[in-house]
Amino acid sequence: MPWTTVQVEKLGEFFIRGNSDSGRILSYKDALHEATDQALARDPRVFLLGEGIDDPAGVFGTTKGLQEKYGKDRVFDTPICENSLTGFAAGAAMAGLRPILIHSRMDFLILSLDQLANHACKWNYMFAGKVPIPLVIRTVSARGWGSGAQHSQCVQGMLMSVPGLKIAAPATPYDAKGLLIGSIMDDNPVLFVEHRWLYKTTGDVPEPLYSIPLGKGAIRRPGTDLTIVAVSYMVVEAMKAAEKLAAQNISAEVVDLRSIKPIDEAIILGSLAKTGALLVTDTGNITGGVASEVAAMVSEKGFSLLKHPIARVCCPDCPTPASDILEKAYYPDSDTICARALEMLKQ
Amino acid sequence: MDHQSLLECYKTMLKIRMVEQRIAEEYKYDEMKTPIHLSIGQEAIAVGVCRNLKPDDYLFVTHRSHAQYLAKGGDLNKMIAELYLRKTGCSSGRGGSMHLIDTTVGMMGSSAIVGGDIPLGTGAALASKLKGDGRVTAVFFGDGAVDEGTFHESLNFAALKKLPVLYICENNYYAINSTVFQRHAREDIFRWAESYGIPSFQIDGNDVLKVSEAAEKAVERCRRGEGPVFLECLTYRWKGHIGTVDDVGNGYRPKEEYDYWLSKCPIHWFGEYLRSIGVLTDELDQGIRDEIAKQIEEAFAFAKNSPKPSPEELMDHVYAG
């Protein structure tokens with residue numbers, strides 16, 4: 001059993017009330033699997049490629065059995081060459097297919113920046129829209145269990161400044177399915193940011209195919225005293241923090257961004273109009289990341305709404321350590337969010 | 001090759017040469033505000049390969065791609081307009097000389113990152129295999145690109161998946177100003193490709209007939225579904241890496257080397273050959289040159305009279321759809 005599975009198995013169940021009430025409860029992992037299965041069934045242009053995606057574990061269960069069902073042409077393992085893999089997928093997209101490239105660690109994405117940032121994301125612009133690139137790149141991040149500096153990164157922040165790229169970061173099973181379908185349907189390169197610690201999260205997921213367009217956030221918990229804008233796994237920690245803050249009579253509103261490029265500015269500013277206080281939390285490093293971008297946007301467009309300084313709760317500017325003691329010091333959680341919120345509300 | 005085909009090869013090579021010479025002449029007026037990379041001296045490779053491709057076969061090329069664009073049948077007016085960064089250019093003034101495209105003839109765009117087009121072309125070939133559409137993809141790159149990881153990663157993948165892709169390395173011995181001998185421990189690039197299990201050949205890239213013959217067999221093999229082929233075409237870049245500079249004797253390259261390759265001019269040699277077999281006469285040659293000159297005149301007039309993009313268009317096409 002892969003180490004991340006061990007770690008995730010230790011996590012408690014976390015149910016996020018989503019945007020539907022079909023009564024059908026799925027895990028985040030199974031929602032991804034279902035979306036992929038349905039996309040492959042519906043659209044012959046869709047195919048999956050990536051390192052080890054056809055092994056028995058099937059990318060933590062998200063591609064399990066799909067090669068048997070759709071054949072080795074549409075679901076296949078690849079050589080270990082992340083940069084060129086991105087180019088192969090982009091080239092196939094230019095020729096009319098809709099590839100889904102999977103990196104089981106987000107760290108590996110950094111190897112592919114040339115084909116992603118220099119090529120896939122610029123082609124549509126450089127050639128005035130003549131050759132669009134409908135490409136989905138799924139990346140899985142994790143944390144804990146001594147993963148260390150090269151098996152735990154969440155680098156979505158550094159990619160936010162790449163023009164032509166869209167970035168989805170679902171936190172709920174409903175969004176995992178809908179945003180994956182939305183990403184496949186999108187005519188642009190989409191980075192699809194997943195987090196292993198969300199894989200066991202459960203929620204309502206309707207069976208029929210549905211899509212969620214990128215760029216629309218969701219309010220996960222209404223509140224009046226403080227807005228917590230959260231991304232990916234930090235939505236879970238934000239929800240727990242909101243619960244803890246409620247015990248101290250602080251009403252926190254949790255905004256799940258769902259997509260970080262484009263960012264749903266209206267939902268953030270709308271929430272701030274109620275609360276006047278902003279805390280942003282992301283899974284990545286603090287400098288130049290999602291939280292910085294949200295803070296900058298709010299400073300420009302919502303400065304008059306703020307009654308307190310903006311707070312950012314992210315990983316410090318430090319590579320991920322392997323030691324469990326250092327890991328604990330490194331990763332923010334609901335307690336970190338609470339402490340920072342209380343501190344900020346006093347300022 | 002029949003006489004008509006021989007003449008077509010000559011005409012296309014001459015057209016590329018004359019277009020690039022005209023670009024070089026006009027460049028000093030600073031109206032083409034874009035870096036240009038001329039392939040004067042290398043025309044036989046683009047022509048020899050592209051004449052074996054169908055219009056819907058894919059073509060992926062580099063920053064030095066005027067020759068392949070024209071050889072594949074790309075629109076001359078739109079190319080020159082792109083060099084003048086006009087709205088009517090093939091990339092609407094967003095690309096410049098290094099980013100040419102004409103999807104109507106299968107040319108899917110060019111990359112200005114060394115080795116950048118190799119995975120993309122390989123991916124298009126993957127799509128053709130998955131779709132079974134019978135298309136072949138030709139991917140051009142220089143000897144500099146074989147230094148890149150994308151070259152090795154792509155060749156391995158294409159061999160593994162038996163993709164219908166023809167790799168053409170235009171070995172002009174220089175990556176900017178670094179010779180292939182400064183950069184590689186061994187000289188036979190085609191042997192590198194062979195080591196991936198790809199049939200690979202080293203040919204005289206200044207002999208359009210030899211290039212065409214090799215490309216014809218390669219394209220047939222790709223079309224039969226037997227996998228990729230690699231052609232290393234030996235040639236020489238007459239001009240400096242960029243712009244219109246002549247860098248010979250300035251400490252960049254020896255005059256003797258330059259003179260040797262000038263004596264191997266692919267167009268002069270081929271013209272002489274056509275005369276010797278009675279296919280080309282002075283009168284016919286002049287007629288061809290006049291016709292090309294007229295096309296070039298029209299293309300430059302079209303470009304110079306075309307509107308420039310307006311600032312409001314800046315953000316158009318960042319995203320598709």
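So here's what we get for this one:
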item: Part-to-part distance (alpha-carbon centres) for segment B:94-114 and segment B:243-308, which is given in Å; result: 23
item: For B:110-117, mean number of other protein chain Cβ atoms within 10 Å; result: 4
item: Cα convex hull of segment A:3-204 - mean projected area over all directions, nm²; result: 11.1
item: Segment B:18-173: C-alpha gyration tensor shape, a/c 1.5 cut-off, then a/b vs b/c; result: prolate
item: At 1.567 mPa s and 4 °C, Stokes D of segment A:15-97 from Kirkwood alpha-carbon radius, µm² per second; result: 92
item: Bridge type composition, segment A:219-305 - antiparallel percent by DSSP, nearest 5; result: 20
item: Calculated [θ] (222 nm, deg cm²/dmol) that DSSP helices of n ≥ 4 give over chain A, each run adding -39,500 (n - 2.57); result: -10000 deg cm²/dmol
item: When the protein assembly as shown is reduced to its Cα atoms, the Kirkwood hydrodynamic radius in Å; result: 27.0
item: DSSP-defined beta bridges in segment B:116-194 - what % are antiparallel, rounded to 5; result: 25
item: Segment B:3-304: C-alpha gyration tensor shape, a/c 1.5 cut-off, then a/b vs b/c; result: rounded
item: Euclidean distance of C-alpha centroids, segment A:317-332 and segment A:111-160, integer Å; result: 24
item: Global form of segment A:209-249, assessed from the alpha-carbon gyration tensor, a/c cut-off 1.5; result: prolate
item: Least to most buried among A:D114, B:D57, B:D188 (fewest other Cβ within 10 Å first); result: B:D188, A:D114, B:D57
item: Amide H within-cut-off set for A:R98, under 5 Å, with H built and near neighbours excluded; result: A:V46, A:F47
item: Rg/Rg_ref, segment B:278-321, where Rg_ref = 2.2 N^0.38 Å and atoms are Cα; result: 2.12
item: Whole-Å semi-axes of segment A:142-301's equivalent ellipsoid (Cα gyration tensor); result: 23, 18, 18
item: Largest-first principal axis extents of the Cα set of segment B:150-285 (Å); result: 47, 43, 24
item: Convex hull volume of segment A:218-346 per residue (C-alpha atoms, cubic angstrom); result: 98
item: For B:W238, B:W269, A:W123, order by how many other beta-carbon atoms lie within 10 Å, fewest first; result: B:W269, B:W238, A:W123
item: Ascending count of other beta-carbon atoms within 10 Å, so fewest first, for A:F76, A:F47; result: A:F76, A:F47
item: With 5 Å bins from 0: P(r) over segment B:227-321, alpha-carbon pairs, percent; result: 2, 9, 9, 10, 12, 14, 15, 12, 8, 6, 2, 0
item: Mean projection area, nm², convex hull over Cα of chain A; result: 16.8
item: Gaussian network model of chain A, Cα within-10 Å springs - most flexible of A:A247, A:A296, A:A90; result: A:A247
item: DSSP bridge orientation in chain B - percent antiparallel, rounded to nearest 5; result: 10
item: For A:S152, net neighbour charge (Lys/Arg +1, Asp/Glu -1) across residues whose Cβ lies under 11 Å away; result: +1
item: Segment A:269-285-segment B:171-238 distance, computed between alpha-carbon centres (Å); result: 57
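Bear in mind these aren't lab numbers, they're just calculated from the coordinates by the rules spelled out. Here the structure is a predicted model, which means the values were calculated and not measured. So basically every Cβ, Gly included, is an ideal-geometry build from the backbone, and we count neighbours across all protein chains shown.
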